[in-house]
Amino acid sequence: MRDRTLWTWHIGAGAVILVLLGLHMVIMHLSGTLGFLGVQDAEPTGWASVAARAGSLFFTLTYVALLGAALYHGFYGFRNILMELNPGRTVRSVINVGLSVVGLALFAFGTWAALAAPGAATMAGG
Amino acid sequence: MQTRGHPNRLGIRGWVGGGRWGFERYMYTLHRLSGLALLVYFTMHIFVTSTRAVGPDAWKQTMSVVSGPLFTMGEYLVFAAFAFHAVNGIRLGAIELGFAVGRPIEPVYPYQTSVGGQRRLARAVLMIAFVVALWGGLDFFVWK
Amino acid sequence: MAGSNTKQVTFHLRRFEPGKDAEPHWEDHSIEVTPGMTVLDGLWKVKELSAPSLAWRSSCRMGICGSCGMLINGRPRLACNTQVSELGSAIVAVAPLPNFDIIKDLVPDLRPIFETHREMLPYLLRDDTAEQEDPTREYRQTPHELEQYLQFSYCIKCGCCMAACPTVATDAQYAGPMPLGQAHRYDSDTRDAGFDRRREVLAGGSGPWRCHFAGECSQVCPKGVDPAKAIQLMKRQLVSDLLRLRRRTPPAAVAEAPHGTMRDDIPAAPPRTVTEA
């Protein structure tokens, strides 16, 4: 695919990340802020909260969407940096194939975790 | 390109610049560094959080490993990098899609450039990122 | 004779003699600088007094020809356009423009950018070849349409932007601010119909996607061309085209002949006062 298309996706993925990662940050890491907003969540990284989110279709879908968008955005940005180091033709192909394989593998692994988590929660009686 | 004289390309030193270079050059460098840091963290984050698929024991064990003041500090640095990268990313998106660079103008001395035109936006980005990072700091360390 | 308003300034020069020097080295020359003296004038004085073999490229000495781009006190500038006094320093460090091979002393090899410039097809591309070769009239263009590219057409190809660009510093494949700015100059000209042909190069890896708005090119441009602006506007055009949002308009047509009646009360020209021998 040509750089114009890849770059356009990179910007689009950035916009998706902005919304989803913003939500993620507030929910997971800014519990004090949530408290101001009147949401007194239990410890967000506690197993009960994790199991509850794993069972929610909304959270599962947004996890997978955020995972895909963030991996694409990050790996395309990394590819930019590597390409600007002026590698030779062979190294360019290695970078393209290597980053695609690693990115897809991480996506597959993360998606598996998101889909398998509800099962783990049910088994544990969560 | 075949070399025709003595090579004089600046190399990576040319990325960092420094000293006499403009304000936006530093934001360019910081955007790159924060992006790389976020990518490294994100890759580790995928592995750490995936332990939830194994079961509560694995999850609790992992969480106990990644807790403590050192990890909280590390997470906070990632949050600060995110704050800058996100706010500056909005600026870059607006600029690179041609919305925040202004229209072509007649170049009359002293020249006005698109870089000067978005300088206020760039300053606002730094200020907003600082405020977000400060807010995050209060949440991470004070309101907890 | 040293006057009250002259100043002793050291010219710290980067020298390189091909075939003799393995690496470029610095050399100091002290000269007296008078008010209004440019760095280019200073170089001439150094050559006259102490370094007869010093080489650089210059021509018009008035910021038009784009020959004397140099790295002056760490910033790419035109030597003829920079007064020694504006540098505010007793040391004037002059080196050849970085990111170009050095031919000799302060002479950079600018051929790579001229070649890339040519790849951008920097001329009006139209179907009416016969009209272009043998024009009947001008192509119609409003002042507003002219304004969309006029700024970018002031480029003198001095290479200062290429020397300042962080991407060009490592990436030999990237077209760079000068050629890209010139591609946009023609892509935004309403008389041109070459967008699709230029897109072949621009949508690829050497195109504007390697620009991340460090902004250096526009800050150093001695002509106010603002290549960074051209590159961002070009990305907008190319992305709109990808998303099928770009409005396609045919290139401007040949202007119609003026119509109306000829005034019959125009006085005749006065008789000639000079006769040909």
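Brief remarks follow.
- If both residues of a DSSP beta bridge must be in segment C:7-108, then about 85% of such bridges are antiparallel.
- Debye-sum result for chain B in log10 I(q)/I(0), which assumes one identical scatterer on each alpha carbon, at q = 0.09, 0.14, 0.17, 0.18 Å⁻¹: -0.46, -0.88, -1.08, -1.14
- B:PHE47 versus C:ASN5: modelled label distance in nm, points set 7 Å from Cα along the beta carbon direction: 7.0
- For the set A:TYR63, C:TYR149, B:TYR109, the ranking by accessible area, highest first and with no ligand, DNA or RNA atoms included, is B:TYR109, A:TYR63, C:TYR149 under a 1.4 Å probe.
- Here C:LYS104 sits with roughly 50 square angstrom of accessible surface, probe radius 1.4 Å.
- Rolling a 1.4 Å probe over the protein chains gives B:TRP135 an accessible area of about 110 Å².
- For segment C:118-248, the Cα-based Rg and Dmax, in that order, read 15.0, 48 Å.
- Heavy-atom accessible area, probed at 1.4 angstrom with all protein chains present, ranks A:MET28, B:MET73 as B:MET73, A:MET28, highest first.
- Accessible area per residue was computed with a 1.4 Å probe on protein heavy atoms; C:VAL274 scores about 100 Å².
- Beta bridge orientation in the protein assembly as shown: antiparallel %, DSSP, nearest 5: 85
- Ranked order, C:ARG263, C:ARG210 - accessible area, probe 1.4 Å, largest first: C:ARG263, C:ARG210
- Pair C:GLN132, B:LEU77: separation of 7 Å Cα→Cβ label points (nm): 5.7
- The Cα center of segment B:55-86 and the Cα center of segment B:90-144 differ in position by 29 Å.
- Centroid-to-centroid separation of segment C:137-216 and segment C:1-51 [C-alpha atoms, Å]: 35
- With Cα atoms, 0 to 90° folded angle of helix C:177-187 axis to chain C main axis: 10
- If you bin all the Cα-Cα distances of segment C:1-129 at 10 Å, starting from zero, the percentages per bin are 12, 39, 29, 12, 6, 2, 0.
- Isolated Cys in chain C, by beta carbon distance under 4.7 Å: C:CYS68, C:CYS80, C:CYS155, C:CYS158, C:CYS160, C:CYS165, C:CYS211, C:CYS221
- Both radii come from the Cα set of the protein assembly as shown: Rg as radius of gyration, Rh as Kirkwood radius; their ratio Rg/Rh reads 1.08.
- Links that overshoot a 20 Å alpha carbon limit, given the list C:LYS20/C:LYS157; C:LYS7/C:LYS223; C:LYS7/C:LYS104; C:LYS157/C:LYS235; C:LYS45/C:LYS157; C:LYS7/C:LYS45: C:LYS20/C:LYS157; C:LYS7/C:LYS223; C:LYS7/C:LYS104; C:LYS157/C:LYS235; C:LYS45/C:LYS157
- Chain B, helix-only ellipticity at 222 nm - DSSP H runs n ≥ 4, -39,500 (n - 2.57), divided by all residues, nearest 500: -22000 deg cm²/dmol
- Rg over Rh, two decimals, chain C (C-alpha only, Kirkwood Rh): 1.11
- Per the Debye calculation on segment A:3-121 with a single equal scatterer at every Cα and no solvent contribution, log₁₀ I(q)/I(0) for q = 0.18 Å⁻¹ amounts to -0.99.
- Listed values for segment B:134-142 are Karplus-derived 3J(HN,Hα) couplings in whole Hz (6.51 cos²θ - 1.76 cosθ + 1.60, θ = phi - 60°), namely 5, 4, x, x, 4, 5, 5, 10, 9, and x replaces Gly and Pro.
The values are calculated or read from the model by the stated rules, or taken from the named source; none is laboratory data. Just so it is clear, the model here is predicted, and its values are computed rather than measured. Note that we place each Cβ from the backbone using ideal geometry, even for glycine, and neighbour counts take in every protein chain shown. Heads up: the accessible areas ignore ligands, DNA and RNA and are worked out on the full protein's heavy atoms, side chains in. Shrake-Rupley method; radii C 1.70, N 1.55, O 1.52, S 1.80 Å.
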